[in-house]
Amino acid sequence: MKFSSASLLLAALAVAACDSKTATLGEAGTSSATVEAIAGAPAEAGTSGTSATATDEANATPAPDPSAIPASSTGNAAAILARPQVPILCYHQIRDWTARDSKNAKDYIIPVAQFKAQMKMLADSGYHTILPDQLYAYMTTGAKLPSKPIMLTFDDTDLDQFTVARPTLEQYGYKAVYFVMTVSLGRPRYMTKAHVKQLSDEGNVIGSHTWDHHNVKKYQGQDWVTQIEKPTKTLEEITGKKINYFAYPFGLWNAQAFPELKSRGFVAAFSLAEKRDQNDPLFTIRRIIASGYWSPRTLHNSIVQSF
């Protein structure tokens, strides 16, 4: 399928649009303003500290491959919905704000010092990062997770996720999930294939995030090949690993997408703050956007309120 200059321009606009969405926080409908209002509440006392956290992360037990989990477990929506949700944070750009950044865009742009302070807060509070295979095993079988589990996810392939987030997470032994939009690979300000390969080799998980960030709810026919099949194969060629997890652009999904994703080998998919589908919660796993406006304490309160 060939793409015109106009199509490529639309792709670029789609990328920009991802940074101008209004952030929402959870099934309870908690707003940024509400979370800010409770920001004065004391954060929970730290339970392990950064050194202990890094040690625990390094000694974590690997989760089973999703293909080893019986289909009867993955289809039990009631059991999955009954288990407490694990906090999952979604990040986009990690850089200092500029005069050109709009008020809404700043929800999606975390200043560097703020991001580092947020990660320190998580470590000091005793949070342990988990990866999708661990989450999948927990959701489907009730497998044990480390104390205070949390998942860190990064969307859209921005270069600062490699240059800023990666070394910051390494300080605490943290691992993360990087949902890659393949149209951006190798472009200025975005990661290269080599960056993605290195993240995967270092124990992080690479997930699929479409070719150029088009809304899944609008897909028809060949779109599933262009936006899902081909980009996912590209990521598998880069990493040498099967890609099992998908993140919806803008967090938007519909039930018609579930069989399309399943037929292409995905075992779970991540949205944003909308309620989970009651029949297929594995394909509507909730995340919240960690706003650029949030202090570490506000982020902590948001985690507690939203999950």
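May I ask for the distance between the Cα centers of the stretch 230-260 and the stretch 62-88, given as a whole number of Å?
18
Could you let me know the centre-to-centre spacing of the stretch 121-176 and the stretch 195-225, using Cα atoms, in angstrom?
Comparing the Cα centres of the stretch 121-176 and the stretch 195-225, I get a distance of 19 Å.
Quick check: residue separation of Arg187 and Asn215 times 0.36 nm, minus the Cα distance between them. What number comes out in nm?
Extra length from Arg187 to Asn215 when fully extended: 7.9 nm.
Sort 251-261, 68-78 for me by packing, meaning the mean count of neighbouring Cβ atoms within 10 Å per residue, highest on top.
251-261, 68-78
Please compute the alpha carbon radius of gyration of the stretch 164-203, then divide it by the globular-protein estimate 2.2 N^0.38 Å. Two decimals is fine.
Numbers: Rg = 10.7 Å, N = 40, 2.2 N^0.38 = 8.9 Å.
Ratio of Cα Rg to 2.2 N^0.38 Å: 1.20.
Could you pull out every one of the lysines with an alpha carbon less than 21 Å from that of Lys116, ignoring same-chain neighbours closer than 8 positions?
Correct list for Lys116: Lys106, Lys148, Lys175.
Sort 164-175, 199-210 by packing, meaning the average of other beta carbons within 10 Å per residue, with the highest value first.
199-210, 164-175
What ranking of Ser102, Ser306 emerges when the number of other C-beta atoms within 10 Å of each C-beta is taken as an exposure proxy, fewest first? Walk me through the intermediate numbers first.
Values: Ser102 10, Ser306 22.
In increasing order of surrounding Cβ atoms, one gets Ser102, Ser306.
Long-range amide H contacts for Phe154: which residues qualify at under 5 Å (H placed 1.01 Å from N, peptide plane, sequence gap of 5 or more or a different chain)?
Here the answer is Tyr91, Val177, Tyr178, Phe179, since their amide H atoms fall under 5 Å of that of Phe154.
Out of the DSSP beta bridges found with both residues in the stretch 120-243, what percent are antiparallel (nearest 5)?
Rounded to the nearest five, the antiparallel share is 10 percent.
Tell me, what ³J(HN,Hα) does each residue in the stretch 110-121 have, in order and in whole Hz, if you take phi through Karplus 6.51 cos²θ - 1.76 cosθ + 1.60 with θ = phi - 60° and put x for Gly and Pro?
9, x, 4, 4, 5, 4, 4, 5, 5, 5, 5, 4
By count of other Cβ within 10 Å, fewest leading, how are Tyr178, Tyr108 ordered?
Lowest count first: Tyr108, Tyr178.
Can you check what the net charge comes to around Arg95, using other residues whose Cβ is under 10 Å from the Cβ of Arg95 (Lys, Arg +1; Asp, Glu -1)?
Result for the local shell: -3.
Which of the lysines could be linked to Lys262 by a straight reach, that is with a Cα gap under 22 Å, when you skip same-chain ones fewer than 8 residues away?
Lys217, Lys218, Lys230, Lys233, Lys241, Lys242, Lys275
All of the numbers you see were taken from the coordinates with simple rules; none came from a lab. Predicted model, so just to flag it, every value in this text is computed and none were measured. Virtual Cβ from ideal backbone geometry, glycine too; neighbours counted across all protein chains shown.
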